Amino acid sequence: ATANIGVVGLAVMGSNLARNLASREGNTVAVYNRSREKTDTLIAEHPEAGFIPTYDYTEFAAALTKPRTAIIMVKAGTGTDAVINELVNVFEPGDIIVDGGNALFTDTIRREKAVRETGINFVGAGISGGEEGALHGPSIMPGGSDESWVTLGPILKSIAAVAEGEPCVTHVGHDGAGHFVKMVHNGIEYADMQLIAEAYDLIRRGTGKSPAEIADVFAEWNTGELESYLIEITAEVLRQVDGETGKPLVDVILDQAGAKGTGAWTVQTALSLGVPVSGIAEATFARSLSSHPEQRAVAAELPGPQEAFQVDDVDAFIEDVRLALFASKIVAYSQGFDEIRAGAAEYGWNIDLGAIAKIWRAGCIIRAQFLNRLSDAYAATPDLPVLMTAPYFVEVFERAQAAWRRVVVAAAQAGIPSPAFSSSLAYFDGIRADRLPAALVQGQRDFFGAHTYKRIDKPGTFHTLWSGDRTEIEAEDTH
Ligand code: NDP
């Protein structure tokens, strides 16, 4: 046995991760894939990596030094379960199985429990950054036991992206914590992408600028506080001209957004945890809305505003949109971190939120300069109850809120859908409200269902005899 790490699953992610591992000092990598061709291709194309090819699980296990460590990069779901079942047969107590796929965190909790009974460690690790990240340095979010982190930590640190000298990997928490955080990362990614798309749409329809001209706007934004990978690639996409038609590529791409499900998982989980992630939810629903052409064809008959949308001061409008984007983005991240906090409380994970912000600074899709502000906020106040109330963000809201409101008003008047901008603003106004109409909702609930209510002026639980003489009585707390 000569390999200190193994990779199972040699499609694009697995082979790139294996090459990344092999390129780091001190690593020798054993590889295995269900079908032989992928293994042979990888070995033939990358002799420099010094891979140890293996063609069955016994051979794979024999190639690994103890404690054996294997990263699975196969199709999430049944593929992952199939590989785990094979590995537990050939691994021994103390060995480590890492699932680097996009698993649902509850599957990871289940797998970790089952594998732990054999004495083998199981680590669910979220890996973000796509193919390029896997090859050159992803952001890695591992869960699993403390014991496995001792062996795995140095290996993952060696291949992770680096932000300001620090590797973008941290031991997130036990069992499913890593995949939970990766899930929320993807949810935030959905929100960020939708916000950028809304900004583009408003600028295009409000100013008549071409996609190439708007690419310049985004490139300019990318030199300031909005600097991020997603803003950078937005400029690239908008600048692209279709080879066949000579039109901007964005005008020939079908406007129906796909999704692989991690956004929906983030929203479903948030709903069961009772965390309002409205920006992420609207972004996820916006993709769903776009993907129903049959409904859109019929609904195209619905009336819209009479007047054409034309902004007077183009530069001022673009600056308003920039500020609306920044403010809405802060809301989306704040909501995402809320979900992580709630998940940690529900599942008993000790998650350092500031460390999560730090490992998202490089390697992953939502990498952005402003994540430093998030980690600063948690460094100053580790138990910050609402991320966006940190002083830096308050300053942004002070300067952005008027612009944000103007943009949402303009979008509504012009009939341009801006679900993520407007729901983020609604959340902002809701969370900062002194008094909410939730009081009326409680009254309604008490009326039709005797669900009771609490009073602002004395302790206890109350019910009004709505169908009787409408006096108030003390009641049992039924929520
Ligand atoms: P795919 O998700 O396309 O999966 C293909 C790989 O899975 C092949 O190696 C295939 O083997 C193997 N496989 C499928 N079913 C089984 C099975 N029952 N038993 C053994 N092996 C099986 O590959 P990707 O490289 O795109 O992604 C790998 C993982 O990484 C996924 O979980 C994905 O969600 C995750 N991921 C992907 C990202 C991306 O940008 N693509 C980003 C981050 C995470 P065979 O060759 O024999 O068919």
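The values are calculated or read from the model by the stated rules, or taken from the named source; none is laboratory data. The shown structure was predicted, so the numbers you read here are calculated from the model rather than taken from an experiment. Glycine gets a Cβ as well: all are built from the backbone with ideal geometry, and neighbour counts include every protein chain shown. Calculation scope for accessible area: heavy atoms of the full protein, side chains included, ligands and nucleic acids excluded. Shrake-Rupley method; radii C 1.70, N 1.55, O 1.52, S 1.80 Å.
Taking residue 117 as the residue in question, decide whether it is at pLDDT 95 or above, of a type in the set (Asp, Glu), over 26 Å from residue 27 (Cα atoms) and more than 16 Å from the ligand (Cβ to nearest atom).
For residue 117, the condition - at pLDDT 95 or above, of a type in the set (Asp, Glu), over 26 Å from residue 27 (Cα atoms) and more than 16 Å from the ligand (Cβ to nearest atom) - is met.
Could you say which residue among 66, 38 is open to solvent by 10 Å² or more (accessible area, probe 1.4 Å) and either more than 20 Å from residue 156 (Cα to Cα) or within 11 Å of the ligand (Cβ to nearest atom) (or both)?
38
Can you tell me how many residues in region 134-168 are open to solvent by 10 Å² or more (accessible area, probe 1.4 Å), among the β-branched types (Val, Ile, Thr) and closer than 23 Å to residue 64 by Cβ?
Counting residues in region 134-168 that are open to solvent by 10 Å² or more (accessible area, probe 1.4 Å), among the β-branched types (Val, Ile, Thr) and closer than 23 Å to residue 64 by Cβ gives 3.
Regarding region 402-410, can at least one residue be identified that is touching a helix residue (DSSP H, G or I) at 6+ places or on another chain (Cβ under 9 Å) and without any contact (Cβ under 8 Å) to a residue 12 or more places away in the chain?
yes
Among what's in region 445-479 and is touching a residue at least 12 places away in the same chain (Cβ under 8 Å) and among the small types (Gly, Ala, Ser), pick the residue that is surrounded by the fewest Cβ atoms within 10 Å (Cβ to Cβ).
460
Can you pull out the residues in region 414-432 that are farther than 16 Å from residue 277 by Cβ and either open to solvent by 20 Å² or more (accessible area, probe 1.4 Å) or not polar (S, T, N, Q) (or both)?
If the condition is that a residue be farther than 16 Å from residue 277 by Cβ and either open to solvent by 20 Å² or more (accessible area, probe 1.4 Å) or not polar (S, T, N, Q) (or both), then 414, 415, 416, 417, 429, 432 are the ones that fit.
Name the single residue, out of those in region 7-35 being under 14 Å from residue 60 (Cβ atoms) and of a type in the set (Val, Ile, Thr), that is farthest from the ligand (Cβ to nearest atom).
If we take residues in region 7-35 being under 14 Å from residue 60 (Cβ atoms) and of a type in the set (Val, Ile, Thr), then 28 is farthest from the ligand (Cβ to nearest atom).
Can you work out which of the residues in region 96-110 that are among the polar types (S, T, N, Q) and farther than 15 Å from residue 84 by Cβ is nearest to the ligand (Cβ to nearest atom)?
So, considering only residues that are among the polar types (S, T, N, Q) and farther than 15 Å from residue 84 by Cβ, the one nearest to the ligand (Cβ to nearest atom) is 102.
Among the listed residues 322, 341, identify the single one that is of a type in the set (Lys, Arg), part of a helix (DSSP H, G or I), over 27 Å from residue 171 (Cβ atoms) and modelled with pLDDT of 95 or more.
Going through 322, 341 in turn, just one is of a type in the set (Lys, Arg), part of a helix (DSSP H, G or I), over 27 Å from residue 171 (Cβ atoms) and modelled with pLDDT of 95 or more: 322.
Being in contact (Cβ under 8 Å) with a residue 60 or more places away in the chain, closer than 26 Å to residue 49 by Cβ and not β-branched (Val, Ile, Thr) is the filter here, so list the residues in region 102-131 that pass it.
Within region 102-131, 102, 128, 129, 130, 131 qualify.
Where in region 360-479 are the helices (runs of 4 or more DSSP H), entirely inside, with at least 1 residues that are farther than 30 Å from residue 192 by Cα?
Once the helices (runs of 4 or more DSSP H) in region 360-479 are filtered for at least 1 residues that are farther than 30 Å from residue 192 by Cα, what remains is 438-449.
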